[in-house]
Amino acid sequence: MGKKGKEIVGSAVNEIVNMLKRAYADEMMAFHFYWYTSIYMQGLGFATLATTFRTNGMGELKHAELLADRLNQLGSAAFSNPAEWVKNSNVGDVDPEKYLTMKNAVQKAMEIAGKVTEHYNEIAKKTQHTDYVTYEIVAEILIEEVKEEQDLEDILTNLEV
């Protein structure tokens, strides 16, 4: 990261880097969950939901890329080992094989989205007045995560009709 960029972030850089690494781990765990369940999900109408999950998974991968780029700018790197994703994720160990029915998959996706949203909100509060670059990236992702959670709630409501 450039001299001025480091000056602007200041002494909070290590805490911000750690928060971004956790967010990266969350995104990779969410990507894996969505991708796996989109392939192996079971139930009537699964094809439509599988497409939504595949799309959501690609969105999570895009978020991970934004975070990895920012980590690089801050002089750090994202976790390279998937075992580190599990260990450092706010969502914990998510074994998608346990959530292959449509209802269970949507419920688990909502749980993941909720935890991810909370963490992005924490990062936004931390960076709002100290690191505008990170704040803008996180705010953009947060908007998408809130929408995703609402979409999942709507899907769950429709599944229960």
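A few points about this structure:
- Pairs with Cβ under 7 Å, 6+ apart, first in region 68-91 and under 17 Å from His119 (Cα atoms), second in a loop (DSSP other than H, G, I, E, B) and at pLDDT 95 or above: Ala68/Ala78; Leu71/Ala77; Leu71/Ala78; Trp85/Phe79; Asn88/Phe79
- Failed item in (1) surrounded by 19 or more Cβ atoms within 10 Å (Cβ to Cβ); (2) at pLDDT below 95; (3) farther than 26 Å from Ile8 by Cα; (4) not polar (S, T, N, Q), with Leu74 passing the rest: (3)
- Selection from region 39-55 of residues that are modelled with pLDDT of 95 or more and either touching a helix residue (DSSP H, G or I) at 6+ places or on another chain (Cβ under 7 Å) or closer than 28 Å to Thr130 by Cα (or both): Phe53, Arg54
- Those residues of region 17-59 which are in contact with a Ser or Thr (Cβ under 6 Å, 6 or more places away or on another chain) and in a helix (DSSP H, G or I), in sequence order: Val17, Ala25, Asp26, Met29, Ala50, Phe53, Arg54
- Test result for Ala83, assigned to a helix (DSSP H, G or I), buried (at least 17 other Cβ atoms within 10 Å of the Cβ) and of a type in the set (Gly, Ala, Ser): no
- Residues located in region 121-135, provided they are without any contact (Cβ under 8 Å) to a residue 40 or more places away in the chain, closer than 19 Å to Glu60 by Cβ and either out of contact with any helix residue (DSSP H, G or I) (no Cβ under 7 Å at 6 or more places or on another chain) or buried (at least 17 other Cβ atoms within 10 Å of the Cβ) (or both): Ala124
- Enumeration of residues in region 117-145 that are touching a Phe, Trp or Tyr at 6+ places or on another chain (Cβ under 9 Å) and assigned to a helix (DSSP H, G or I): Ile123, Ala124, Lys126, Thr127, Val138, Ala139, Ile141, Leu142, Glu145
- Flag for Leu61 being modelled with pLDDT of 95 or more, within 13 Å of the chain's Cα centre (by Cα) and more than 30 Å from Ser11 (Cβ to Cβ): yes
- Residue check for Thr101: β-branched (Val, Ile, Thr) and free of Cβ contacts under 8 Å to residues at least 12 places away in the same chain: no
- Of the numbered criteria (1) under 20 Å from Met28 (Cβ atoms); (2) out of contact with any Asp or Glu (no Cβ under 9 Å at 6 or more places or on another chain); (3) assigned to a helix (DSSP H, G or I), the one Asn104 fails is (1).
The values are calculated or read from the model by the stated rules, or taken from the named source; none is laboratory data. Model, not experiment: these values are computed from the prediction. Glycine also receives a Cβ, built like all others from the backbone with ideal geometry; neighbour counts cover every protein chain displayed.
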